[in-house]
Amino acid sequence: MPRLVSHPDEVKIVSRRFGQGAANIDRYIELGGYESVKKCLAQTPDWIVNEVKASNLRGRGGAGFSTGMKWSFVPKQSPKPKYILVNGDESEPGTCKDHLIFLHDPHAVIEGTIIAGLAVGAKTGFIYLRGEYRYLLEIVEKAVADAYARGFLGKNIFGSGTEFEIVTQTGAGAYEVGEESALMESLEGKRGIPRIKPPFPAVVGLYGGPTVINNAETIATVPHVIATGAAAYAELGTPRNGGTRLFCLSGHIQRPGVYELPMGYNLKKMIYEVGGGIANGNQLKAVVPGGSSTPVLRPEEIDIGMDFDQVGKAGSMLGSGGVVVIDDHTCIVEFALRTIGFYQHESCGWCIPCREGTDWLQKSLTRFHAGFGKAADIDNIQYLAENMLGRTFCPLGDAAAMPTIAFVKKFRKEFEDHLSGKPCPFAREGVPQLTVA
Amino acid sequence: MSPETLSIFSPALAARFDALVSNYPVKRSALVPMLLYAQDEVGYLSDGVIAEIARRLGLTELDVRNVASYYSMLRFKPAGRYNIQVCTNICCMLRGAYELYDRFQEELNIGPHGTTPDGLFSLEEVECIGACSWAPAIQVNYSFHDELTPDLVAGILADYRAQAGVPTDRSSSVGWKAQAERTKEHA
């Protein structure tokens with residue numbers, strides 16, 4: 001069972017029911033659950049969309065797009081059925097927040113899905129969990145069955161005369177399926193290959209119908225936004241970055257864990273106060289601020305507020321909230337190699353810059369880390385990565401290129417140190433050299 | 001004989017399939033979950049499983065294989081009864097996943113992506129399993145084990161051996177490999 005942590009600076013909104021048995025429907029109701037959806041049933045769809053817009057809630061999957069805005073793109077009239085699609089394919093290395101939401105508060109996801117359905121006029125929602133999360137899928141399935149038994153889902157939800165169905169779905173192992181159009185392909189029983197855009201999912205999505213696709217944390221936040229009120233929720237964060245978010249602290253940190261902090265919380269403080277500083281009394285070398293695809297930050301760059309705009313200004317991304325802390329005993333070349341090894345493994349192979357780019361980056365970095373690098377390789381790695389940027393169907397190519405460019409740019413000296421004969425300046429006795437399967 | 005009686009699915013799996021198909025506007029949407037559920041029951045995607053799913057969904061076997069080959073959890077060969085998946089992605093790596101992976105190899109006396117001769121355990125290195133803040137983590141079939149150290153490996157294996165009814169001294173911290181060597185010496 002994943003350990004829960006807490007810190008006085010936390011503002012528990014999405015995580016307020018964690019560890020309180022809220023997977024049980026009675027307990028969830030006792031803790032104020034399903035009140036927001038009742039409130040929404042008494043309102044117009046436009047009211048819901050405007051409320052979510054005004055809350056400045058931005059997508060928690062990584063891109064940080066305004067949730068209310070996304071909902072407003074769905075056409076009011078559609079000859080084809082509309083769908084809500086909850087993305088629980090959480091696979092970005094460094095990210096494990098949805099894991100806790102499904103475990104501790106599955107009804108919040110269900111309630112958020114119904115509210116999204118009411119807002120855009122959809123009658124069916126799909127909750128898609130990655131295949132590895134089987135025990136969580138069983139928890140969500142139980143929660144859905146309980147909600148049906150109470151009449152919270154079905155032909156006449158809460159006695160309102162409105163219909164809403166929820167279907168749960170398992171993946172079978174694919175990072176790429178976390179991309180919205182690849183997720184829809186997977187749900188349609190195909191290989192998870194991204195679709196070309198436009199048209200965007202809000203217009204032509206699942207089964208060709210208008211589709212809202214949101215991250216599980218975003219959806220689980222919606223009932224809280226409705227309960228608190230848009231203004232009060234927005235107030236918790238910074239301008240244009242409403243509320244709080246779950247930050248997953250991992251790596252060489254004293255107290256790793258998932259902490260809920262206000263948007264804009266200082267990264268340095270997050271590491272040294274909330275996370276208790278660097279483990280084993282070591283020094284900080286680098287921080288990956290938002291999951292493995294976000295460009296790395298050097299220690300002198302971490303005095304920033306953690307919201308989409310400020311991290312963007314610092315040259316990186318807030319991403320999915322996975323804060324990976326790296327100490328000074330770590331080889332950045334090895335770290336870069338392991339990162340690119342992941343993208344090489346997960347590239348779906350549909351478009352060439354990503355398929356070939358990740359493969360060549362992996363080959364170059366493997367050779368380099370093993371001590372057979374040439375001086376020109378450093379520039380070649382960067383050149384290759386830069387030429388992947390913006391040239392792929394979906395963001396996976398960028399996700400592989402962006403961190404690689406940052407590793408080379410910001411830790412060039414460490415790459416150069418690998419040229420001086422030894423295989424790796426950080427090689428330790430008894431620690432196996434990295435080989436990527 | 002109707003095709004249903006030829007089914008290699010158990011009645012429970014067949015019922016699950018029927019329920020699943022009714023969830024979607026198109027039958028094909030049941031394909032990915034069905035492949036995984038069938039694999040859970042049969043152990044892997046045998047030719048028979050592929051043919052059965054293709055027939056039930058009205059797809060060609062080629063089409064089913066084309067989809068199945070995309071997903072990393074789906075396999076076309078049997079794995080051990082307990083498939084140990086060690087995450088070695090960045091967060092787990094920083095907290096000693098490779099040392100853990102090594103210890104599993106030593107204890108089981110098998111190499112990367114190997115299976116023990118008795119078919120009880122198989123071992124593989126996997127990408128991020130979503131337990132980054134509780135690293136290093138592994139999955140044994142679908143069960144998570146987190147915040148591990150190499151010293152915990154022997155105990156985990158002993159627990160699964162006990163679960164499978166394989167006699168073992170649970171209090172012993174002596175690994176499988178060492179035990180096997182000791183048995184050899186005594187023989």
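The values are calculated or read from the model by the stated rules, or taken from the named source; none is laboratory data. The structure displayed is predicted, hence computed values, not measured ones. Cβ coordinates were reconstructed from backbone atoms using ideal geometry, including for glycine residues, and neighbour counts include every protein chain displayed. Heads up: the accessible areas ignore ligands, DNA and RNA and are worked out on the full protein's heavy atoms, side chains in. Shrake-Rupley method; radii C 1.70, N 1.55, O 1.52, S 1.80 Å.
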(request) Under 1.5 on a/c is rounded, so check that first for the stretch A:332-416, then, if it is not, pick prolate when a/b is larger than b/c and oblate when it is not; a ≥ b ≥ c are the square roots of the alpha carbon gyration tensor eigenvalues. (result) prolate
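Where does the stretch A:150-229 land on Rg(C-alpha)/(2.2 N^0.38 Å)?
Normalised by 2.2 N^0.38 Å, the Cα Rg of the stretch A:150-229 equals 1.31.
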(message) What's the magnitude of the charge dipole for the protein assembly as shown around its Cα centre, counting Lys and Arg as +1 and Asp and Glu as -1 at the beta-carbon? Answer in Debye, nearest 20.
(response) 1100
(request) Treating only the Cβ atoms of Lys and Arg (+1) and Asp and Glu (-1) as charged, compute the dipole magnitude of the stretch A:244-327 about its Cα centre; round to the nearest 20 debye. (result) 100
(request) Can you check what the net charge comes to around A:LYS413, using other residues whose Cβ is under 14 Å from the Cβ of A:LYS413 (Lys, Arg +1; Asp, Glu -1)? (result) +1
(request) Sequence neighbours fewer than 8 away in the same chain don't count; with that in mind, list the lysines whose C-alpha is under 25 Å from A:LYS268. (result) A:LYS12, A:LYS97, A:LYS285, A:LYS313, A:LYS409, A:LYS410, A:LYS413
(message) Given the stretch A:25-235, report the % of alpha carbon pairs whose separation exceeds 27 Å.
(response) 23
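Determine the sum of side-chain charges near A:GLU176: Lys and Arg each +1, Asp and Glu each -1, restricted to other residues whose C-beta is under 10 angstrom from that of A:GLU176.
-3
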(message) So for the stretch A:25-235, averaging the separation of alpha carbon pairs under 8 Å that are six or more residues apart and normalising by length, what relative contact order in percent results?
(response) 32
(message) With a 1.4 Å probe, what is the total accessible area buried between chains A and B, in Å² rounded to the nearest 100?
(response) 4500
(request) Indicate, rounded to the nearest 5 percent, the antiparallel portion of the DSSP beta bridges found entirely in chain A. (result) 45
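In whole percent, how big is the carbon plus sulfur part of the accessible area of the protein assembly as shown, probe 1.4 Å, protein atoms only?
Of all accessible area on the protein assembly as shown, carbon and sulfur atoms account for 54 percent.
Find the relative contact order for the stretch A:64-174 and round it to a whole percent, using C-alpha pairs within less than 8 Å whose residues are 6+ positions apart.
Rounded, it is 29 percent for the stretch A:64-174.
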(request) On a C-alpha basis, how far is the centre of the stretch A:380-410 from the centre of the stretch A:233-277 in Å? Whole number, if you could? (result) 27
(message) Just the number please: accessible area per residue for the protein assembly as shown, 1.4 Å probe, all protein chains included, in Å².
(response) 38
(request) Just name one of A:ILE157, A:LEU249, A:LEU419: the one whose Cα is farthest towards the positive end of the charge dipole of chain A (beta-carbon charges, Lys/Arg +1, Asp/Glu -1). (result) A:ILE157
(message) Straight-line reach only, C-alpha to C-alpha below 15 angstrom: list the aspartates and glutamates that B:LYS27 could link to, leaving out same-chain residues fewer than 8 apart.
(response) A:GLU185, A:GLU188, B:ASP18, B:GLU52, B:ASP63
(request) Would you mind calculating the relative contact order of chain A from Cα pairs under 8 angstrom and at least 6 residues apart, reporting the percent as a whole number? (result) 16
(message) Report the Cα centroid-to-centroid distance between the stretch A:20-92 and the stretch B:24-67 in angstrom, as an integer.
(response) 33
(request) Return the average number of partner chain Cβ atoms within 10 angstrom of each residue Cβ along peptide A:325-334. (result) 1
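Could you sort B:TYR44, A:TYR128 by their accessible area in this structure, using a 1.4 Å probe and putting the largest first? Intermediate results must be reported in sequence, preceding the final value.
On the way: B:TYR44 65, A:TYR128 0 Å².
Heavy-atom accessible area, descending, gives B:TYR44, A:TYR128.
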(request) Please name which of A:ILE378, A:GLN344, A:THR404 has its Cα lying farthest along the dipole of the stretch A:332-416 towards the positive end, using unit charges on Cβ (Lys, Arg +1; Asp, Glu -1) and the Cα centre as origin. (result) A:ILE378
(message) Classify chain A from the C-alpha gyration tensor, please: rounded if a/c falls under 1.5, else prolate or oblate depending on whether a/b exceeds b/c.
(response) prolate
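Would you please classify the overall shape of the stretch B:11-70 from the alpha carbon gyration tensor, given that a ≥ b ≥ c denote the square roots of the eigenvalues, rounded means a/c under 1.5, and beyond that prolate means a/b larger than b/c while oblate covers the rest? Present the calculation step by step, with values, prior to reporting the outcome.
On the way: a/c = 1.67, a/b = 1.13, b/c = 1.48.
Cα axes put the stretch B:11-70 in the oblate bin.
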(request) Would you work out the charge dipole size for chain B about its Cα centre, treating the Cβ of every Lys and Arg as +1 and the Cβ of every Asp and Glu as -1, and quote it to the nearest 20 debye? (result) 440
